[in-house]
Each structure stands twice: as structure tokens, then as C-alpha cells.
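The values are calculated or read from the model by the stated rules, or taken from the named source; none is laboratory data. Note that the coordinates shown come from a computational prediction; the quantities given were computed from them, not determined experimentally. No Cβ is skipped: glycine too gets one built from the backbone with ideal geometry, and neighbour counts run over all protein chains shown. Side chains included, ligands, DNA and RNA excluded: accessible areas come from the protein's heavy atoms. Shrake-Rupley method; radii C 1.70, N 1.55, O 1.52, S 1.80 Å.
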Amino acid sequence: PSAKYEYGVSLGAPIKQDQVHYFFAYDGKDINDSRSVIARNLDQLPAGQGVVPSIAAAQGSTVDRFREHLLFGKVDAQLNDEQKLSASMRLRRESDRVPEDRNLSAPGNDKDRSNDETHFDLKHEWGRPSWLSEARVGYEDSVWNPHSASSTPFIRYKFSPGTPQLLTNSQDVLFVGGSPDAQRREQKGPYVSEDFTFTALAQHVLKGGVKFKAARYDLSGSAFSVDTINTLVDRTNGQVFYGATGCTGTNIINGGNNSDQCEIRRATPASRAAFSNNQIGLYIQDDWAITRRLELNLGVRYDYETNMLNNDYVTPADRVAAIFGLDTRTFTGQSASPGQTYAQSLAKGGINISEYIADGHSRKSFTAAIAPRLGASFDVLGDRNTVLFGGYGRSYDRTMANHALDELQRNATPGQGEIWLVKNDFKMPYADQYSLGLRQAVGAWNTEVALSQIYAKNQFVWFIGNRDLNGGTFFQSPIDPLFGGPPGYGNLLLGDFVGKTRTRALFVKGEKPYTVASAWGVNIAYTLSDAKTTHREWNNDIFDFTYGKPGQGGWKPSTLVDKHRLVGAAVIDLPWGLTLAGKATWASGIPRRVITCPGGFPDPNAGREGTCVTAEGDSPSFRQVDMSLSKELALGATRFTLRADVFNIFNTINYGGFDDFAGAPPPPGNPTNSFGGDNLNLNKPNSIRGDPRTVRIALGVRW
């Protein structure tokens with residue numbers, strides 16, 4: 001069973017009548033979320049042999065717990081007729097237990113995570129008939145702390161249907177052991193801002209502002225606090241391909257940390273990294289009423305950060321030496337040319353690794369973050385019933401410091417770990433949005449139709465930089481990574497600003513507002529979306545590990561957006577002071593990325609590259625109906641509100657994900673192991689969108 005409790009209280013009153021007031025609010029959540037752990041491909045492994053019995057025994061149900069406490073407090077003081085002072089405080093305290101994989105993580109394969117935020121803000125308002133000044137000063141401190149709940153190695157059991165059995169062609173079975181994630185990320189610092197509004201100029205409302213924030217980033221811990229092992233379970237005897245000294249199997253390399261059937265990422269000790277970044281933002285805008293029927297909204301914003309990408313960073317010498325050292329690796333008996341370095345191997349594949357090596361001077365602050373904004377509205381007939389509107393705006397992404405912290409932490413640990421490098425030629429991610437629409441009043445109804453496009457460019461993506469001796473991916477299929485970077489080190493990950501997303505949408509809405517006289521209201525909205533991405537996983541994740549340098553394969557459907565979405569909401573007054581409200585949602589289903597290998601799996605022994613490709617699969621629709629019934633009672637000056645909500649009243653099961661690996665034809669000499677079109681796991685759901693039927697009772701008191 002699952003359980004969810006929400007509780008809260010809010011209080012407000014004058015401290016001194018008409019001069020000083022306080023307001024206090026608290027909200028809490030206590031959620032026990034159950035999940036089922038079901039191993040995949042277990043029927044393909046020999047029952048009762050090797051580790052198979054322990055995998056089967058680890059299945060079952062478990063509960064993940066979430067706790068949240070939100071606290072807000074505010075005091076307002078009216079200093080005089082022109083000035084007002086407000087002091088506020090906001091606290092957020094969250095803790096939860098998160099599995100490495102919701103469907104495959106056995107109990108214990110999870111991490112405890114805390115998310116704490118503290119904000120203090122002091123605001124001074126000074127207003128006169130022709131202008132208003134809003135000055136702020138404050139301080140904020142945010143700490144994100146995932147930490148492992150167990151110190152045992154993290155093991156991903158996998159199954160390979162091919163012959164020979166290869167990790168690159170494998171599918172997940174079950175995850176056990178501790179989470180490797182043990183980090184503490186903190187961002188803190190003061191800020192000061194001023195917003196000024198000027199209204200004395202006829203037909204214009206001018207507004208401008210400036211904000212300065214001194215941010216301090218402090219990162220400690222390790223993303224790999226325990227050994228992480230990917231291992232096949234031998235389908236002939238149920239044994240795993242690793243032992244006390246490392247990986248077993250064929251083609252053992254990297255000091256025993258890699259083989260064709262096993263990969264071990266060794267635990268790295270905790271490290272600490274910190275740097276500061278000053279943020280400056282400026283803006284000015286003009287709401288210009290040219291005539292009674294035409295209004296323009298003109299504005300521009302400029303942002304600058306002194307150290308967004310950790311500009312003083314120097315790539316550690318051991319990482320640089322490994323990259324420019326001799327390439328001593330072998331692939332199926334082949335060695336590199338005499339004197340060939342790993343950097344030269346990368347260059348054969350079109351990667352100039354020097355563009356990713358930081359020397360403390362190679363990175364510069366981005367100075368071109370100019371974001372113009374233009375909006376317009378036109379009252380066509382002058383009666384406010386027919387209004388044409390449109391606009392354009394640009395916004396920049398200010399999260400780049402996160403990626404610089406990842407790079408710093410991953411490379412801070414001495415030894416033979418992974419190598420993470422961000423490209424020095426920094427292009428700040430941004431998005432342009434365009435819109436054009438028409439609002440029309442039809443009797444008591446308000447209708448609207450609008451077109452919009454959001455085009456995001458320079459999106460940051462981490463991708464695998466591993467290459468073979470000739471700059472290729474060594475017989476890997478397009479859906480599989482090549483494991484192992486420079487000799488003696490783990491994977492090479494490169495960060496570049498090459499991702500793109502694009503969403504085009506048609507929005508249609510009809511609304512009949514609620515009024516006391518009519519005693520009912522309704523809102524119906526339909527959205528047609530065409531969402532695309534250059535990400536090979538068909539999503540917007542910053543990790544595109546599997547496919548080499550991203551952004552070169554053209555547009556793909558986004559797995560994050562339904563093509564069609566229809567939402568209807570209504571409210572009606574009933575007898576005895578009851579109010580009934582409802583909401584119905586229908587969506588066509590998010591696109592599915594189905595993988596199929598019609599030409600077989602990659603086989604380096606046979607000199608055959610894989611022919612695995614991706615295609616869009618059918619997805620079931622999303623359907624949910626929510627209802628609520630409420631009544632308000634008065635007892636003197638005290639008012640009570642009693643409300644009952646039923647979410648997903650018909651208990652509709654909406655699947656959100658599926659096992660979308662369609663497999664390959666039978667391998668030679670093993671016709672029983674088809675794993676092709678009759679793959680038993682294909683099309684099986686592995687996640688759910690939305691909630692099961694949920695009943696919530698709420699009581700509110702106001703006095």
C-alpha cells in the first residue's frame with residue numbers, strides 16, 4: 001500500500017492596526033510510495049544456478065519515503081504614506097529515499113537524499129504618483145545532499161542474447177548493492193536588486209532594474225563512493241563475469257576493470273571543489289500605448305557572469321598526460337601505429353581534444369547574453385472583443401556552473417578514474433520563442449487561438465569521447481557505447497554546446513468564466529504539439545553518453561511531449577451550498593523510441609558492426625478524470641471549508657514507459673534464442689504516468 005498525508009496551517013493578523021502585520025504559513029507532506037521490483041529477462045537465465053536464485057529472491061515490493069516541510073514568514077510595516085518595508089523568510093526541508101532505478105532496484109539499492117533551502121529577503125517600497133522604487137537585499141543558501149544508504153558495491157546484473165555474449169548487447173536484469181552517489185552541493189550568497197517604474201511619461205510605463213548576486217559554489221563528496229559493476233549473468237550456468245581481482249571473460253583490459261562481459265568503475269575517494277561566480281542582470285522595458293487600440297511591449301535584458309564556467313580551471317596534469325600519451329591499446333590483436341597518441345586516435349575521428357584542455361586562461365566569460373523582448377496587442381474593432389496579439393523573446397540558461405562543477409569533481413580524484421572535459425569555446429545556451437494569436441469574445445465566452453514556437457540552441461550535452469585506434473567506435477552499433485578512454489583510465493566524457501530542441505504548438509481555448517449569477521463555469525483547452533530534439537535518446541537530458549558526438553543526426557521526436565492534449569475543467573454550484581468541480585485530461589501518448597537490430601548484433605570476432613536502429617512506436621493515450629466536492633460553513637466570524645477530492649476517479653492505468661528493445665534475428669547456430677520479433681519483454685510497460693485512484697479530505701479554518 002501507498003500513503004500520502006498533507007497538512008498545513010496559515011496565520012495572519014495585525015501587530016499594530018493598519019501599520020504592522022505578520023503572516024505565517026507551514027505546509028508538510030509525508031508520502032510512502034510503494035513500488036514493485038521485478039527482474040527482467042529472468043526466464044532467459046538458468047533457474048537455480050549461479051546468482052539466479054539470489055536475483056529471484058531480491059524481487060518483491062518496497063516503500064520509498066518522502067518528507068517535506070515548508071515554512072514561510074513575513075512582516076510588513078507601513079512606514080508612511082509613501083514607504084513600506086517587508087521582511088520575509090522561507091525555509092524548505094526535504095528528505096527522501098530514491099532508488100537507482102524505480103523498477104529494477106532491489107531494496108537497499110537506493111540513496112538517502114536531502115534538499116534544504118534557506119532564504120531571507122528585505123524589501124523596501126517607495127512610491128509616488130509618478131514612480132515606484134522596489135529595493136531588495138537578501139541571502140540564500142541551498143544544499144543538495146544525496147548520500148549512499150549502503151557501502152556494498154553497486155551491481156547491475158545484465159543478460160546478453162547474442163553469441164558470443166557481450167556486454168554491449170546486453171539488457172538489464174536487476175540492480176543490487178549500494179548507491180554510488182555520495183555528494184554535497186551547496187550554493188549560497190547575498191544579493192541586492194533595484195526595480196524602478198516610471199509612469200509620468202504619457203502613454204508609457206517604463207520599468208528598469210538591476211540585480212547583483214555573489215554566488216559561492218561548494219562541492220564535496222564523490223559520485224562513485226562504491227565500486228559500480230556491470231556484469232553479464234552467463235545464460236549457460238548463471239555465473240557472473242567478475243571475481244575478487246576484477247573482471248573475467250574475454251579481452252580483459254584496463255587492469256582487469258574491463259572485459260567483453262564486464263565493466264568495473266572503481267570507487268573514488270571524496271574530494272572538495274569550490275569557486276565563486278558574481279552574477280549581474282540589467283533590464284529595461286516600455287509598455288507603450290500608441291493608441292487606445294494598439295499597445296507595444298518593448299524590452300531588453302542583459303546578463304553577465306564573471307565565472308560561470310570556472311574560468312581559472314586547469315585540467316589536471318595526469319589527465320593531460322594520459323590523453324597525449326602513447327595509445328597502447330589493442331583491438332582484436334591490432335595495435336596503433338608506432339608513436340601514435342590517444343589524442344591522434346581521437347583526431348582520426350574528428351575530435352580535436354586540445355579544444356577541451358583548460359590551462360587557466362583558455363576560458364572567457366560570455367559577454368553577449370543580450371535578450372530582446374517584443375510584444376504587441378491590437379484591439380481590432382475597438383470594443384475589446386477581438387484582440388490580435390503576438391511576441392518574440394529570448395532567454396539564456398544560467399545553469400552552466402553545474403557542468404563546471406561536474407568536470408572539476410570528476411577530475412579532482414587522483415588515479416585512474418574517468419576524464420570529464422568541457423569545451424573551452426563557451427556558447428551560452430538560449431531559447432527563442434515566437435507567438436501569434438487571436439482572442440475573441442463570443443457572448444459570455446472567451447475564446448483564444450494561438451501559434452507558438454520555441455527554438456533552443458547551444459544546449460549543453462555530455463557525450464562519450466571514447467574512440468578506437470582509427471577514431472571509430474570499434475564495431476559498436478549506433479545504440480551502444482564504446483567503453484574505456486585513454487590507456488589506464490575510464491571513460492572520456494566531453495561536454496559541448498551542440499544540442500537543439502524545437503517545439504511548435506497550436507493552442508485553442510474556450511472559457512465561460514464562473515459568476516455567482518450563472519452558478520457555473522467551464523474551461524476547455526486543446527494543444528497540438530510538434531516537439532523535436534537532436535538528442536539521440538529523444539529527450540533533453542544533458543547526458544548523451546551512448547552515441548558519440550550528438551547534434552549531427554537531425555531532428556528526432558521528443559519523448560517528453562504528447563502530440564495531442566485536451567483538458568476540460570468545470571465548476572457548478574449545487575443545492576445546500578455545495579460546489580462540484582471536475583477536470584478531465586486526455587493526451588495522445590508520448591512518442592516511444594523502439595530499438596531494433598534487423599541485421600544482428602555487432603560482433604567484433606566476425607568483423608560485423610551492429611545494424612541497430614531506432615524507430616517511433618505507438619503509445620497508448622493518457623486519460624484521467626478528477627472530481628471534488630466542497631462546502632463552506634460559517635460560525636460567527638469563523639469560516640470552515642470541507643473539501644473532498646478524488647483523483648483519477650475511474651482508476652485508469654496510464655503507462656508511461658515500455659521495454660522498447662525489439663531485439664535481433666536468431667544468432668547463427670542458436671535458433672531458439674531469437675530475441676527478435678517474439679521478444680517476450682517487448683511492449684511490456686515498465687512505468688506509470690499519474691496516480692492511481694486517490695481520495696483526499698481537507699478541512700480549512702479561517703477567522
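The number of residues in the stretch 1-21 being open to solvent by 80 Å² or more (accessible area, probe 1.4 Å), closer than 22 Å to GLU82 by Cβ and not in a loop (DSSP other than H, G, I, E, B) comes to 2. Out of ASP30, ASP116, ASP64, one residue alone is closer than 28 Å to GLN187 by Cα and touching a residue at least 40 places away in the same chain (Cβ under 8 Å). It is ASP64.
Selection over the stretch 74-105 of residues that are touching a strand residue (DSSP E or B) at 6+ places or on another chain (Cβ under 8 Å) and over 30 Å from PHE154 (Cβ atoms) gives a count of 16.
If the condition is being closer than 30 Å to THR596 by Cβ, among the hydrophobic types (A, V, I, L, M, F, W, C) and touching a Leu at 6+ places or on another chain (Cβ under 8 Å), then the stretch 113-165 contributes only PHE159. For ASN307, the requirement of being at pLDDT 90 or above and within 26 Å of the chain's Cα centre (by Cα) is met.
Residue pairs whose Cβ atoms lie under 9 Å apart, separated by 6 or more positions or on different chains, with the first residue in the stretch 347-366 and without any contact (Cβ under 8 Å) to a residue 24 or more places away in the chain and the second surrounded by fewer than 16 Cβ atoms within 10 Å (Cβ to Cβ) and part of a loop (DSSP other than H, G, I, E, B), are HIS361/ASP312. Residue check: ARG394 meets all listed conditions (1) open to solvent by less than 50 Å² (accessible area, probe 1.4 Å); (2) charged (D, E, K, R); (3) not in a loop (DSSP other than H, G, I, E, B) but one, namely (1).
Given ARG319, ARG301, which one is within 32 Å of the chain's Cα centre (by Cα), modelled with pLDDT under 95 and among the basic types (Lys, Arg)? The match here is ARG319. Taking the stretch 73-90 on its own, how many of its residues are open to solvent by 70 Å² or more (accessible area, probe 1.4 Å) and among the basic types (Lys, Arg)? Adding up the residues that qualify gives 2. Residues of the stretch 106-139 that are surrounded by 15 or more Cβ atoms within 10 Å (Cβ to Cβ), charged (D, E, K, R) and either closer than 30 Å to ALA200 by Cβ or out of contact with any Pro (no Cβ under 8 Å at 6 or more places or on another chain) (or both): ASP116, GLU117, ASP121, LYS123, GLU125, GLU134, ARG136. Identify all residues within the stretch 456-473 that are under 27 Å from the mean Cα position of the chain (by Cα), of a type outside the set (S, T, N, Q) and open to solvent by less than 20 Å² (accessible area, probe 1.4 Å); write none if there are none. Result: ALA456, PHE460, VAL461, TRP462, PHE463, ILE464, GLY465. All conditions in (1) within 28 Å of the chain's Cα centre (by Cα); (2) surrounded by 16 or more Cβ atoms within 10 Å (Cβ to Cβ); (3) among the charged types (D, E, K, R) hold for ARG93, with the sole exception of (2). Which of the residues spanning the stretch 252-299 are buried (at least 17 other Cβ atoms within 10 Å of the Cβ) and in a helix (DSSP H, G or I)? Across the stretch 252-299, the qualifying residue is only ASN254.
Of the residues making up the stretch 164-185, at least one is in a loop (DSSP other than H, G, I, E, B) and in contact with a helix residue (DSSP H, G or I) (Cβ under 7 Å, 6 or more places away or on another chain). Going by the structure shown, is GLY249 in contact with an Asp or Glu (Cβ under 8 Å, 6 or more places away or on another chain) and surrounded by fewer than 20 Cβ atoms within 10 Å (Cβ to Cβ)? No; evaluated as a whole, the condition is false for this residue. Against the test of being open to solvent by less than 20 Å² (accessible area, probe 1.4 Å), in contact with a strand residue (DSSP E or B) (Cβ under 9 Å, 6 or more places away or on another chain) and on the phi > 0 side of the Ramachandran plot, the options GLY437, GLY360 yield a single qualifying residue, GLY360.
One residue stands out in the stretch 606-636 among those that are at pLDDT below 85 and farther than 30 Å from LYS563 by Cβ: the one that is surrounded by the fewest Cβ atoms within 10 Å (Cβ to Cβ), namely GLY607.
Somewhere in the stretch 397-409, is a residue more than 30 Å from ASN278 (Cβ to Cβ) and surrounded by 15 or more Cβ atoms within 10 Å (Cβ to Cβ)? No.
Whenever a residue of the stretch 516-535 is in contact (Cβ under 8 Å) with a residue 60 or more places away in the chain, its partners that are surrounded by 16 or more Cβ atoms within 10 Å (Cβ to Cβ) and small (Gly, Ala, Ser), lying with C-beta atoms within less than 9 angstrom and at least six residues away or across chains, give the pairs HIS535/GLY499; HIS535/GLY551; HIS535/SER558. Of the residues ARG398, ARG394, ARG439, the single one that is closer than 30 Å to ALA182 by Cα and basic (Lys, Arg) is ARG398. Scanning the stretch 503-518 for residues that are among the aliphatic types (A, V, I, L, M), surrounded by fewer than 17 Cβ atoms within 10 Å (Cβ to Cβ) and closer than 21 Å to GLN459 by Cβ yields nothing.
Restricting the search to the stretch 143-178, which residues are crowded, with 17+ Cβ neighbours inside 10 Å, within 25 Å of ALA401 (Cβ to Cβ) and modelled with pLDDT of 90 or more? Once the filter is applied, which keeps residues that are crowded, with 17+ Cβ neighbours inside 10 Å, within 25 Å of ALA401 (Cβ to Cβ) and modelled with pLDDT of 90 or more, the stretch 143-178 yields ASN145, PRO146.
Filtered by the rule that a residue be more than 17 Å from ASN466 (Cβ to Cβ) and open to solvent by less than 60 Å² (accessible area, probe 1.4 Å), the stretch 321-347 gives a lone residue, GLY339.
Taken as a whole, the structure places ASP218 among residues that are modelled with pLDDT under 90 and either among the acidic types (Asp, Glu) or open to solvent by 40 Å² or more (accessible area, probe 1.4 Å) (or both).
Quick check, is VAL192 open to solvent by less than 30 Å² (accessible area, probe 1.4 Å), modelled with pLDDT of 90 or more, in a strand (DSSP E or B) and β-branched (Val, Ile, Thr)?
no
Note on the stretch 474-502: among residues that are among the polar types (S, T, N, Q) and at pLDDT below 80, the one that is least open to solvent (accessible area, probe 1.4 Å) is SER477. Residues that are modelled with pLDDT of 90 or more and either among the aromatic types (Phe, Trp, Tyr) or closer than 18 Å to GLU305 by Cα (or both) within the stretch 377-422 comprise PHE378, PHE389, TYR392, ARG394, SER395, TYR396, TRP420, VAL422, listed in sequence order. The one condition from (1) more than 30 Å from ASP121 (Cβ to Cβ); (2) open to solvent by 30 Å² or more (accessible area, probe 1.4 Å); (3) part of a strand (DSSP E or B); (4) not β-branched (Val, Ile, Thr) that SER225 does not meet is (3).
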